[in-house]
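Every number in this text was worked out from the coordinates using simple rules, so none of it is lab data. Just so it is clear, the structure is predicted and the values come from calculations on it, not from any experiment. For neighbour counting, all protein chains shown are included, and Cβ atoms are generated from backbone atoms with ideal geometry for every residue, glycine included.
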Amino acid sequence: MRYELDTTTSRATVHATSSVHPITSSAAVTGWVELTLAPDGSVDLDQPVDGWICVALAEMRSGNPLVDREAERRLQVRKHPTMEGRLVSLAPAAPDGGHEHHYDGEGELTFRGQTAPLTGGLSVDVDGDELTLTGDTTLDVTDYGVQPPSLLVIKVHSLVRIELRATARAGGEAAPAAAGPGDAAVPDPTAPQEHP
């Protein structure tokens, strides 16, 4: 079954560190997840699992305008307005942070025009036809050709942690991915295409 993310309650948060203080940025997430639930609320891992999320990088804000402007410049946000993740598989993992159904996820991340494999943890909590998704992964931005910002005494480190906190509902309509200023929205690559 496909569950569409609620963009009003779904966010991705990037946690970075620097030579001075932590830096936290967040933005809304669009996308969907496709999976089959077992009677006990766990994901049926014998069935296919798929998922796609998209974050508009121009919406990422840390509260520090200098860092945000430099990050946008280094990420080339006008040329690469989104960060997209694809989930391709789940494997069982030990319960984490009070979540009964926790999994090791595998997929790929497309960031600044480069795509690379990515792994992380994902918890799935069920309430009727609604899922709460809690994900966590760590990546080195230099693997995607990004040199972290360095401003005066602030040097941002390359290793960042990305958290996903999302609500998804069964049978919802997919919301279009937001785009940065001057950029067209990025469509869901798996959505049916209309031809004249």
*When only C-alpha pairs under 8 Å and at least 6 residues apart count, what is the relative contact order of the chain, in percent?*
26
*For every other residue with a beta carbon closer than 15 angstrom to the beta carbon of A71, add +1 if it is Lys or Arg and -1 if Asp or Glu, then tell me the sum.*
+4
*Helix-derived mean residue ellipticity, 222 nm - over the chain, DSSP H n ≥ 4, -39500 (n - 2.57), to 500*: -1500 deg cm²/dmol
*Dipole magnitude (debye, nearest 20) for the chain, charges at Cβ of Lys, Arg, Asp, Glu*: 1280
*Can you run phi through the Karplus equation (6.51, -1.76, 1.60; θ = phi - 60°) for segment 137-150 and list ³J(HN,Hα) in whole Hz, with x for Gly and Pro?*
8, 10, 9, 9, 5, 5, 5, 10, x, 9, 9, x, x, 9
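Less than 9 Å Cβ to Cβ from L133, Lys/Arg counted +1 and Asp/Glu -1: what total charge do the surrounding residues give? Could the numbers behind the result be given before it?
Values: positive: R165; negative: D125.
Spelling it out: positives minus negatives among the neighbours equals 0.
Which residues make up the longest stretch of the chain clear of trypsin sites (Lys or Arg not before Pro) that lie in a DSSP loop with no more than 15 other Cβ atoms within 10 Å, not counting the sites? Walk me through the numbers on the way to the answer.
On the way: sites that count: R78, K79.
After excluding every exposed loop site, the longest remaining stretch is 80-196.
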*Based on the Cβ-Cβ distance from S150 to E106, what FRET efficiency comes out when R0 is 35 Å, to the nearest 0.05?*
0.60
*Working from Cα positions, state the angle (0 to 90°, nearest 10) between the long axis of helix 65-75 and the longest principal axis of the chain.*
70
*Take the alpha carbon atoms of segment 52-102, find their center, do the same for segment 145-167, and report the distance between the two centers in whole angstrom.*
11
